[in-house]
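Down below is the structure, laid out as C-alpha cells.
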Amino acid sequence: KREREEKEKEEKEDKDKGKEEVFEELDMQPGLDAEAKACEEDCIWDQDITYELQVELLLVLQRLTEHFAAATMSIEPTRSFDSVRIVVCGCICAISDSLLRRHATNHPSEATAQLQGKDATGRQLGLEGFGISAQTFATQTETMECHTPEVVIARCAVLDYFDSPSQRKLEKIFTWDANWHLIPGRPLIKWLRMIAREIALPTGAPYDLLCDDFPENSVLLKNYPELRPYRDICFWWKYFLNPDVDSFPYDEGTNINRMRAQLRFSWGDKGYQVSCGFHDGMRCHPDPNKTDPDTGRRLKPEELPRERYPSTATPSFYVPAPVLRSEDDAIYRPNLPTFDDENSEEAGPCLGQRDSELLLSYLTVPYLRLPLVVTFFAVEDRVHKLASSKLRDILDSVLFEPGRFSALKATSVEPRTVPTQNQFLLGCPYGMLLNDLYRSPEVTCNAMLTLLDAALALDTGSVCDELGDEFNTSVVIILYVCRLAARVLNYVHYCVARIQHPEHCVDVPVRDKPPSKESFETLLNGQKSLSDKLSGPYLALLDDYLTRLHDETEGDPDDEELINRNARLACDLHAHRLMILRTFGGPGAAPMDTSTATTIIASFVYLTTRHTWNKGEREDGKLLMPETELYEVLALQRRRLVEYAVSLKQAPLDEMMQTALHVATSTTGAVKVDKEVTDKSNRWGMLQGVHSVGRFGVASARKQTGEKQEEEEEQQQQQQQR
C-alpha cells in the first residue's frame, strides 16, 4: 500500500511538473502587451469626481438594481433571460466599484479611500486595497444561453474589469458566494476595521457596522451613505449567481415592486442574515443540506448544483456514469442515448446508435463542436430529428453558450503542443459563435441556410393536426428553425455593423482582430441571404398560417374552444414575425419600409390585446420563446418606428396605421386587408407635447369621396322607403 501511494505521488508530481513545463514554454508576452494596452485606454469613469456626485451615482445605481431585481423576480424565469439578469447586475456592480475607486476632489471619503488601500489624504497604507471576486460569474456564464451578441460583449467587459492587473492584487470582500453561511471573511473585517480606526471608532464588533437597524445603529452606514448601495448591489449580483434554482422564489401572478426589493442585513449565529420584502433568508450558495426531491436522500457536496442551467451540450448530460471525456469513450460505450422525448407520441428512437455516437463525439471537443454539430443537423434526412426537444436543446447550447472565457492576458498566446495542456487557451472572449463568425463564417452561414430550406420543405399545408391543441410536428420544426436562424442573424448583423458602422454599436473596444476581407464578404452575403430567406418565404409562410387560422375561426364563429386555441397559436406566429424583423432598420441591415413597420406595429398591438403574459404552461398561453426577447425587440425598434412614422406623409401614415389597427383587432391577426379598410375615414397624427413623443392617434375624419357619399345616401333612402 505504501509503495502504491508513493508511486501515485510520483506520477502526480511528474504530471504537475509536465504541466508547469508546458506553461513555462508559452510566450505570454503578447498577452501581457495586450493587457497593458487595454489598461492605458481612456475610460468614461476615469475622471475627476466630487464626493456629492459619487454618492448620488451610487444611490441611483442602487435604485436601478432594486427596480431590476423586483422586475426579474416577478416574471417567469427562463434560461436566456437568466443570462441577461446576471450580466446586467455584473455591469452595475462593475460601474459602482469603479466609481468608488475614484478619489473625490473635494471631500474624499475614508470608506472609499480604504477601499483603495489609502487614507483620506491619499497616502498608501502598505496594501493594494480591497475588491470583488468574479470567479463564480465566469463559471456560471459559461453555460448560459445568450441569444443577443450584446450580452456576451457586456459579459466580456465585466470579466475584463474584475480580472484586470489592478483588481487581481486586491483582497476580496463580499465573498457571499463562497459559503452557505454569509460569513464576512477576513478581508471584509479588515476593511471595516481600517475605516473605523481612521475615524477613531471602536472596533469591538466590526461585522455589526454593515447591519441595518431602526433607528440607524451603524456609524459607517450613517456617515458614509455610499456604503449601503455598494453592499446591496454586490449582494444582489452574488445572489443571482447562486446555482441552486430553488433559492429563487417565484409565485405566478405576483408583482413585486421596488420597495420590496430593499435589503436588510442583520447578524445571526453563523453570519449575516439577509432578507427583503419577498424573501427571508437569502443565500448566495447552495444549501449543503439539500436533499433529493425524489428519494429524500441528502446530496453529497459533489452532487450540489454547480450551474443553474447545466449545459445540455455536455456529452455526459444524457449518459450515466462514467463520464464521456473523449471520442473513444463514446465509441466503446455499449448503449448510447436515442434522444427521444418521453412524452412523444411517435414510436421508435429519434437517433440511431451510429448518429448518436457521431453527435456525442462532436460534443467532446467544445472548441470545435459548433461547426460540427450545426453541419450534423443541416442535412435533409436529419432536420426532422429536431422534433425532439432534447436535440433542440443541444443545438441551442452549442450555438449560444459562450463557453470558457479567454482572459485578456491570453490574447494572441499560442499553444506549443497539440493537444495543449493549458486549457485557458481553448476559450474565446466573446463566445464560440462570434468567434466562428469572425474567423470562418462560411460554415455557420451555409448550414443555417441549408436548415432553413430543409425545414421549409417540411410544410404540409396545415397548422394543427385534426382535433389537436398544438402545432403539428412539421410546424414545430419550422418555427424552431425560424427562431434559431433569427438569433444567428442577430450575431451576423452585429459583426457586420461593428465593422461598417461602429458609431452605432456598443462603445466597447473589441479585443479580436477584424475578420479578413474574404470573411467579411462571406458575412455580408450570409447576412443578406439569411435576411432575405426569413423576411421572404418564412414571413409569407407565417402569414399563410395566420390566414388558415382566421379561416377556421370564421367558418365556426360559435366554437369558443376553437377561437381560444387559434388566438393562442396566432400569438406564437406573431412573436416569430417580430423576431424575424428585429434587425430591420438598423445599421447595415435592410431598411425600414411601410410593410415592415406595419407588420411590427400590428404584431405588437395584437400581442398586447390578445396574449396572456407571464404564464408558466403552454395551455395557459406560454409562448414558444421567452417573452423578454419580445420586449427586447420592442426596445430596439421603438425609436426606429417613431422616426419612420414621423417621416411619412399623411396618406402612407393613414394606410400604415389603419392596416395595423385592422390586423391587430381581428381574431387571429391575419394579414387580409382590402382597399375598403385602408380607405376608412380615420386621419392619423402624432400627439403633441413633450410627454407624448411617439404616440399616435386618430386626429380627424377624412371627407368621403363623392361616389361613396352618393352610395350611402342611396342606401339611406332605400332604408327609409322600406
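The values are calculated or read from the model by the stated rules, or taken from the named source; none is laboratory data. Everything numeric in this text was worked out from a predicted model, so none of it was measured. Neighbour counts are summed over all protein chains in view; Cβ atoms, including those assigned to glycine, are modelled from backbone coordinates with ideal geometry. Side chains are part of the model used for accessible areas, which takes the heavy atoms of the whole protein and leaves out ligands, DNA and RNA. Shrake-Rupley method; radii C 1.70, N 1.55, O 1.52, S 1.80 Å.
Looking at (1) within 26 Å of the chain's Cα centre (by Cα); (2) assigned to a helix (DSSP H, G or I), can you tell me which one Lys385 breaks?
(1)
Given the condition touching a residue at least 12 places away in the same chain (Cβ under 8 Å), open to solvent by less than 10 Å² (accessible area, probe 1.4 Å), assigned to a helix (DSSP H, G or I) and not charged (D, E, K, R), answer yes or no: does some residue in segment 609-621 qualify?
Taking every residue of segment 609-621 in turn, none turns out to be touching a residue at least 12 places away in the same chain (Cβ under 8 Å), open to solvent by less than 10 Å² (accessible area, probe 1.4 Å), assigned to a helix (DSSP H, G or I) and not charged (D, E, K, R).
Show the residue pairs that are 6+ apart or on different chains and have beta-carbon atoms under 7 Å apart, the first residue being within segment 582-598 and surrounded by fewer than 20 Cβ atoms within 10 Å (Cβ to Cβ), the second being aromatic (Phe, Trp, Tyr) and at pLDDT 90 or above.
Ala590/Phe584
Scan segment 368-387 for residues that are more than 19 Å from Leu452 (Cβ to Cβ) and either at pLDDT 90 or above or open to solvent by less than 30 Å² (accessible area, probe 1.4 Å) (or both) and report the count. Before the answer, list the steps.
Here is the first cut: in segment 368-387, the residues more than 19 Å from Leu452 (Cβ to Cβ) are 368-369, 372.
So of that shortlist, the ones also either at pLDDT 90 or above or open to solvent by less than 30 Å² (accessible area, probe 1.4 Å) (or both) come out as 369, 372.
The number of residues fulfilling the criteria is 2.
Considering Ala486, Ala497, Ala457, which residue is open to solvent by less than 10 Å² (accessible area, probe 1.4 Å), of a type in the set (Gly, Ala, Ser) and within 22 Å of Val379 (Cβ to Cβ)?
On the way: Ala497 fails: within 22 Å of Val379 (Cβ to Cβ); Ala457 fails: open to solvent by less than 10 Å² (accessible area, probe 1.4 Å).
Sole residue among the options that is open to solvent by less than 10 Å² (accessible area, probe 1.4 Å), of a type in the set (Gly, Ala, Ser) and within 22 Å of Val379 (Cβ to Cβ): Ala486.
Tally the residues that are open to solvent by less than 50 Å² (accessible area, probe 1.4 Å) and closer than 12 Å to Asp246 by Cβ, restricting the search to segment 282-291.
Of the residues in segment 282-291, 4 are open to solvent by less than 50 Å² (accessible area, probe 1.4 Å) and closer than 12 Å to Asp246 by Cβ.
For a quick check of your reading of the model, give me the residue pairs whose first member lies in segment 434-446 and is of a type in the set (Val, Ile, Thr), whose second is open to solvent by less than 10 Å² (accessible area, probe 1.4 Å), with beta-carbon atoms closer than 8 Å and at least 6 apart or on different chains.
If the second residue must be open to solvent by less than 10 Å² (accessible area, probe 1.4 Å), the pairs left are Val443/Val374; Thr444/Leu370; Thr444/Val374; Thr444/Leu433; Thr444/Leu437; Thr444/Val488; Thr444/Gly526.
May I ask you to list pairs of residues, at least six apart or on different chains, whose Cβ atoms are under 9 Å apart, with the first in segment 281-296 being free of Cβ contacts under 8 Å to residues at least 40 places away in the same chain and the second being part of a strand (DSSP E or B) and open to solvent by 50 Å² or more (accessible area, probe 1.4 Å)?
Going by the 9 Å Cβ cut-off, the qualifying pairs are Gly281/Gln273; Asn289/Arg298; Thr291/Arg298; Asp292/Arg298.
In segment 211-233, what count of residues is obtained for those that are open to solvent by less than 30 Å² (accessible area, probe 1.4 Å), of a type outside the set (Asp, Glu) and more than 14 Å from Gln114 (Cβ to Cβ)?
Of the residues in segment 211-233, 6 are open to solvent by less than 30 Å² (accessible area, probe 1.4 Å), of a type outside the set (Asp, Glu) and more than 14 Å from Gln114 (Cβ to Cβ).
For Leu534, are the conditions met, namely being aliphatic (A, V, I, L, M) and in contact with a Pro (Cβ under 9 Å, 6 or more places away or on another chain)?
Criteria not met by Leu534.
Given the criteria within 22 Å of Tyr272 (Cβ to Cβ) and in a loop (DSSP other than H, G, I, E, B), does Pro202 qualify? So that I can check it myself, show each step before the final result.
Working: within 22 Å of Tyr272 (Cβ to Cβ): yes; in a loop (DSSP other than H, G, I, E, B): yes.
Taking the combined requirement at face value, the residue satisfies it.
Among the candidates Cys156, Cys93, single out the residue that is at pLDDT 90 or above, more than 12 Å from the chain's Cα centre (by Cα), within 30 Å of Leu624 (Cα to Cα) and not hydroxyl-bearing (Ser, Thr, Tyr).
On the way: Cys93 fails: within 30 Å of Leu624 (Cα to Cα).
Going through Cys156, Cys93 in turn, the sole match is Cys156.
Out of the residues in segment 21-70 that are within 32 Å of the chain's Cα centre (by Cα) and polar (S, T, N, Q), which is most open to solvent (accessible area, probe 1.4 Å)?
So, considering only residues that are within 32 Å of the chain's Cα centre (by Cα) and polar (S, T, N, Q), the one most open to solvent (accessible area, probe 1.4 Å) is Gln47.
From (1) in a helix (DSSP H, G or I); (2) farther than 27 Å from Arg404 by Cα; (3) open to solvent by 70 Å² or more (accessible area, probe 1.4 Å); (4) out of contact with any strand residue (DSSP E or B) (no Cβ under 7 Å at 6 or more places or on another chain), pick out the condition that doesn't hold for Arg260.
For Arg260, the exception is condition (4).
Only one of (1) in contact (Cβ under 8 Å) with a residue 24 or more places away in the chain; (2) under 29 Å from the mean Cα position of the chain (by Cα) is not met by Phe376, so which one is it?
So Phe376 meets the others, but not (1).
To keep it simple, each residue is scored yes or no on (1) outside any loop (DSSP other than H, G, I, E, B); (2) over 20 Å from Thr139 (Cα atoms).
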site	(1), (2)
Pro305	no, no
Ala321	no, yes
Ala330	yes, yes
Arg333	no, yes
Leu336	no, yes
Pro349	no, yes
Ser361	yes, yes
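If you go through segment 397-407 one residue at a time, do you hit one that is open to solvent by 30 Å² or more (accessible area, probe 1.4 Å) and either more than 24 Å from Arg325 (Cα to Cα) or over 21 Å from the mean Cα position of the chain (by Cα) (or both)?
No, that holds for no residue.
State the number of residues belonging to segment 76-118 that are more than 30 Å from Gly253 (Cβ to Cβ) and not in a helix (DSSP H, G or I).
Qualifying residue count for the region: 12.
Can you tell me which of Asp212, Asp269 is charged (D, E, K, R), more than 33 Å from the chain's Cα centre (by Cα) and over 21 Å from Cys93 (Cβ atoms)?
Asp269
Taking the condition touching a residue at least 24 places away in the same chain (Cβ under 8 Å) and among the basic types (Lys, Arg), does Lys300 pass?
Answer is no for this residue.
Among (1) over 26 Å from Ala70 (Cβ atoms); (2) modelled with pLDDT of 90 or more; (3) in contact with a helix residue (DSSP H, G or I) (Cβ under 7 Å, 6 or more places away or on another chain), there is one condition Lys169 misses while meeting the rest; what is its number?
(3)
Working only within segment 421-474, note down all residues that are part of a loop (DSSP other than H, G, I, E, B), of a type outside the set (Gly, Ala, Ser) and either within 22 Å of Val373 (Cβ to Cβ) or out of contact with any helix residue (DSSP H, G or I) (no Cβ under 8 Å at 6 or more places or on another chain) (or both).
Within segment 421-474, Leu426, Pro429, Tyr430, Leu458, Asp465, Glu466, Leu467, Asn472 meet the criteria.
Which one of these does Ala313 not meet: (1) surrounded by 15 or more Cβ atoms within 10 Å (Cβ to Cβ); (2) of a type in the set (Gly, Ala, Ser); (3) without any contact (Cβ under 8 Å) to a residue 60 or more places away in the chain?
Result: Ala313 fails condition (3) only.
Quick one: in segment 263-280, of everything that is assigned to a loop (DSSP other than H, G, I, E, B) and free of Cβ contacts under 8 Å to residues at least 60 places away in the same chain, which residue is surrounded by the fewest Cβ atoms within 10 Å (Cβ to Cβ)?
Restricting attention to segment 263-280, the residues satisfying the condition of being assigned to a loop (DSSP other than H, G, I, E, B) are 263, 268-271, 277-278, 280.
Now narrow it down to the ones that are free of Cβ contacts under 8 Å to residues at least 60 places away in the same chain: 263, 268-269, 277, 280.
Details: Leu263: 21, Gly268: 11, Asp269: 6, Gly277: 15, Asp280: 11.
My answer is Asp269.
Hand me the list of helices (runs of 4 or more DSSP H) wholly inside segment 119-188 holding 2 or more residues that are open to solvent by less than 20 Å² (accessible area, probe 1.4 Å), without any contact (Cβ under 8 Å) to a residue 40 or more places away in the chain and not basic (Lys, Arg). Write out each step before concluding.
Values: elements: 135-140, 149-162, 165-168.
Passing ranges: none, list empty.
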